Amino acid sequence: MVFGLTRRDDSGRLDRIEASFQRMFIDDRHAFDMAMSALIGGASPGTVGDDIRATDRRVNEAEREIRRELVVHAGVHGGFDAPPVLIYMSIVKDVERIGDYAKNLYDIAADGVVLDRGELMTEMLELRGNISTLISDVAEVFGQRDTDRARELFQYGDGLQDDFDRRVSDLVTGRIGEPYAVAYALTYRYLKRIVAHLMNVLSAVVMPVDRLDYFDEDPEDRLDRRADGDT
């Protein structure tokens, strides 16, 4: 069941909420792209650090703006709109966390690591583009409440997370010998968390409120594995 807030005479506020979400996604993607450019793209961390921090501040402020707007909306409409308000309150934290993990990726580069060598480099370059695109795809699916596309992206995201776990296991057990094994393992973990939070956002498109937020768990650990809208 696709969620939505009651519009009536509150359409301006709801449009602002939706627009703020979209700005957060745009800023998340920008922060991610900048962080990865420092980590694997050859950009100097010193040239992108201020931009990333400023972008993160915008994301944090947008989160607060959305919460303020939701509190006012709830005051106007009362309990009638409680489920969608709870959904928005939940997923805005997921969108905010994407920016935080972009900062974590930047921190690796700021420590002097550049992942520009070894057998994983080509895969990492591909992941940079794929996850950057995924952020925009999730933003579009969320904005359109596209349930069919959300289910497709669930499958894609689960596949990515499985791959990240496999790579981390290979690195920590020594099956892959990399000069920056720890940095690669951390990078894969942070990428996994970004994808997990994106999947949580998608859960709002196809799940009722009581089944949100389980998509940052591994598939076998979710309370309900079905990515559908049935109650």
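The numbers here are math on the coordinates, done by the rules we state, and not lab data. None of the values given here were measured: they were computed from a predicted structure. Note that we place each Cβ from the backbone using ideal geometry, even for glycine, and neighbour counts take in every protein chain shown.
In a fully extended conformation the segment linking Val182 and Val72 would gain 35.0 nm over its present Cα-Cα distance, using 0.36 nm per residue. Positive end of the dipole of the range 12-221 (Cβ unit charges, origin at the Cα centre): among Ala74, Tyr184, Tyr88, the Cα lying farthest that way belongs to Ala74. Among Ile131, Ile176, a tally of other beta-carbon atoms within 10 Å of each Cβ gives an order, fewest to most, of Ile176, Ile131. Against the empirical curve 2.2 N^0.38 Å, the C-alpha radius of gyration of the range 12-221 lands at a ratio of 1.06.
Placing +1 on the Cβ of every Lys and Arg and -1 on the Cβ of every Asp and Glu, with no other charges, gives the range 11-133 a dipole of roughly 400 debye about its Cα centre. About its Cα centre, the range 12-221 has a charge dipole of approximately 520 debye under the convention of +1 per Lys or Arg Cβ and -1 per Asp or Glu Cβ, with nothing else charged. Go ahead and run the numbers for FRET between Arg145 and Asn60, Cβ-Cβ distance against an R0 of 22 Å, rounding to 0.05. According to the calculation, E is roughly 0.30. Counted residue by residue at 0.36 nm each, then reduced by the alpha carbon distance between them, the extension gain from Thr173 to Leu125 reaches 15.0 nm. Name the residue farthest towards the positive end of the dipole of the range 12-221 from the options Ala204, Val172, Leu120, assuming +1 on Cβ of Lys and Arg, -1 on Cβ of Asp and Glu, about the Cα centre. Checked the options; the winner is Ala204. Ordering Asp50, Asp137, Asp165 by the number of other Cβ atoms within 10 Å of each residue's own Cβ, fewest first, gives Asp50, Asp165, Asp137.
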